[in-house]
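Structure record follows, encoded as structure tokens.
The values are calculated or read from the model by the stated rules, or taken from the named source; none is laboratory data. Computed from a prediction, not measured in an experiment: that's the story for all the values here. Using ideal geometry, Cβ is built from the backbone for each residue, glycine included, and neighbour counts are taken over all protein chains shown. SASA here: full protein model, heavy atoms, side chains in, ligands and nucleic acids out. Shrake-Rupley method; radii C 1.70, N 1.55, O 1.52, S 1.80 Å.
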Amino acid sequence: MIRNSTGGARDPRTRFRTRFALVVGAVGILATVGAVVLPSTASAASTLGASAAERGGRYFGTAVAASRLGDSAYTTILNREFNQVTPENEMKIDATEPQQGQFSYGNADRIVQHARSRGMQVRGHTLAWHSQQPGWMQNMSGSALRSAMLNHVTQVATHFRGQVAWWDVVNEAFADGSSGARRDSNLQRTGNDWIEAAFRAADAADPNAQLCYNDYNIDNWSDAKTQAVYRMVQDFRSRGVPIDCVGLQSHFTGGSNYPSNYRTTLSSFAALGVDVHITELDIRNAPSDAYRNVTNDCLAVSRCRGITVWGIRDSDSWRSGESPLLFNGSGQKKAAYDAVLTALNNGNPPGGNPTTPPGGNPTTPPPGGGGCTTSVTAGTVWGDRYNTSVTVSGASSWTVVVAVTSPQSISTTWSGSASLSSNNTVLTMRSNGSGNTFGFTTMMNGNSSARPQVRSCTAG
């Protein structure tokens, strides 16, 4: 695949505190500047980055090319809309170490300095990758290549220490198709532990950055490649290998390429104790529904830290002929931009009620209130409906109120005393001695993106 885009068992949120402290003030400023007062008492942010920051400190970012920083139309949109940047090519191996042992950081430094001077977070992309290697590295193999790769990871991560919030430590190391195997590359041929070795080297060089694995075509939870990456992350977490996050590139070919179980993928990785990031989003012809769905899916998973689109204007995209971004070549907002901003502004603010994906793992939602709490677990998904179960903690006698979004409707309930609103969208479930877990079936009725929300849990 020829393209210009990519590439411990400790709580990554603990690792992230140091990094977050450096940017939280700037993010707060962005959120304040971006807010506009609506006719009601509510307010809605008017830019993507500001709105994302209000959704639990998330980011909405973009890939940036150093060559375009002199374009005032480009930088106007960049500075206004985004609170995170990823260098598009400037941190890749051929750019940062064009000759062995001779490092070049000029263009990468320009991007980092531009971002940090404006309070934007930076994603380092990427330290170890089979592609965009300089000629000297392509010609190496075995222990010499392993040593050179680890030295590259160490030198680049050390240069940017304290300036980068996340590193894509390893990029695209798994093969496409149904095998679930590692990609056959010169790095893979140095030994199956090369990915682990790269993560440990990055951790030693930049201990306060979050360390991510990044790949494409790991969006569909059912795909063998997705499952293979999941097993690797699960193994790393169990053995204390310092991995903190997984990046899904999400280069979609169109609305039909957006998988219906995308939220399940996000929540399943998150359930391993890592954060998830949507790192290189672009969608052919920029369909509003697909962009909206991706945004809502990230907002629904508490450990989804943010979304990065792979370029600003269509003319900046590596897929420019497909018009895949949120701004057209003239820098005008497209309908997809409005869909994303509306989804962000309608999302759950800190302390709100995150939702749970059909078919996925729980995202440890909501509400206290009245002396009990709830956790939500997704169940079986069919083409037209899905199951959800809710477990109550802190009380043996309780009342829980759950709502779905019309035209969805609740059709069946179990393990509790249930009453439904007239249009079957609000369920009030009371304990009846059958245990502290109850369930219900939701008919999608044409709406597959909305998810149930627990409104309250009251003891007694």
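Here is a yes/no grid of residues against (1) within 17 Å of ALA290 (Cβ to Cβ); (2) open to solvent by less than 60 Å² (accessible area, probe 1.4 Å); (3) touching a strand residue (DSSP E or B) at 6+ places or on another chain (Cβ under 9 Å):
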| residue | (1), (2), (3) |
| --- | --- |
| ASP314 | yes, yes, yes |
| SER317 | yes, yes, yes |
| GLY321 | no, no, no |
| PRO324 | yes, yes, yes |
| GLY329 | no, yes, yes |
| ALA335 | yes, no, no |
| ASN345 | no, yes, yes |
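Table: residues versus (1) of a type outside the set (Ser, Thr, Tyr); (2) touching a strand residue (DSSP E or B) at 6+ places or on another chain (Cβ under 9 Å).
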| site | (1), (2) |
| --- | --- |
| THR158 | no, no |
| GLU172 | yes, yes |
| SER178 | no, no |
| GLY191 | yes, no |
| TRP194 | yes, yes |
| ALA204 | yes, no |
| ASN214 | yes, yes |
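Summed over the stretch 257-285, residues that are touching a Pro at 6+ places or on another chain (Cβ under 7 Å) and open to solvent by less than 10 Å² (accessible area, probe 1.4 Å) total 7. Looking across the stretch 226-256, the residues that are open to solvent by less than 10 Å² (accessible area, probe 1.4 Å), small (Gly, Ala, Ser) and not in a strand (DSSP E or B) come down to ALA228, SER250, GLY254. Number of residues in the stretch 64-121 that are of a type in the set (Gly, Ala, Ser) and buried (at least 16 other Cβ atoms within 10 Å of the Cβ) equals 6. For the stretch 76-97, the criterion of being over 26 Å from ARG305 (Cα atoms) and in a loop (DSSP other than H, G, I, E, B) is met by at least one residue.
Looking at ASP184, is it surrounded by 15 or more Cβ atoms within 10 Å (Cβ to Cβ) and either modelled with pLDDT of 95 or more or in a loop (DSSP other than H, G, I, E, B) (or both)? No. A search for C-beta distances below 7 Å between a residue of the stretch 249-269 that is farther than 15 Å from GLU280 by Cβ and any residue that is part of a helix (DSSP H, G or I) and open to solvent by 10 Å² or more (accessible area, probe 1.4 Å), counting only pairs 6+ apart in sequence or on different chains, returns GLY255/ASP289; SER268/TYR230; PHE269/TYR230.
Residues in the stretch 198-215 that are open to solvent by 10 Å² or more (accessible area, probe 1.4 Å), within 23 Å of SER147 (Cβ to Cβ) and not in a helix (DSSP H, G or I): PRO207 only.
Residues in the stretch 294-350 that are among the basic types (Lys, Arg), part of a loop (DSSP other than H, G, I, E, B) and more than 17 Å from ALA52 (Cα to Cα): ARG319, LYS334. Count of the stretch 184-218 residues, restricted to those that are within 30 Å of ILE283 (Cα to Cα), charged (D, E, K, R) and under 23 Å from the mean Cα position of the chain (by Cα), is 1. Scanning the stretch 145-181 for residues that are open to solvent by 20 Å² or more (accessible area, probe 1.4 Å) and either closer than 25 Å to ASN107 by Cα or part of a helix (DSSP H, G or I) (or both) yields ARG146, SER147, LEU150, ASN151, THR154, GLN155, THR158, HIS159, ARG161, GLY162, GLN163. Cβ-Cβ contacts under 8 Å between residues 6 or more apart (or on different chains), taken from a first residue in the stretch 181-204 that is more than 18 Å from ILE243 (Cβ to Cβ) to a second residue that is surrounded by fewer than 17 Cβ atoms within 10 Å (Cβ to Cβ) and not acidic (Asp, Glu), are listed as ASN186/GLN138; ASN186/SER141; ARG189/SER141; ARG189/GLY142; THR190/SER141; THR190/GLY142; THR190/SER143. Selection over the stretch 407-450 of residues that are among the aliphatic types (A, V, I, L, M), over 20 Å from ALA300 (Cα atoms) and open to solvent by 20 Å² or more (accessible area, probe 1.4 Å) gives a count of 2. The strands (runs of 3 or more DSSP E) found entirely in the stretch 406-448 that carry 2 or more residues being β-branched (Val, Ile, Thr) and closer than 21 Å to VAL392 by Cβ are 409-414, 426-430, 437-443.
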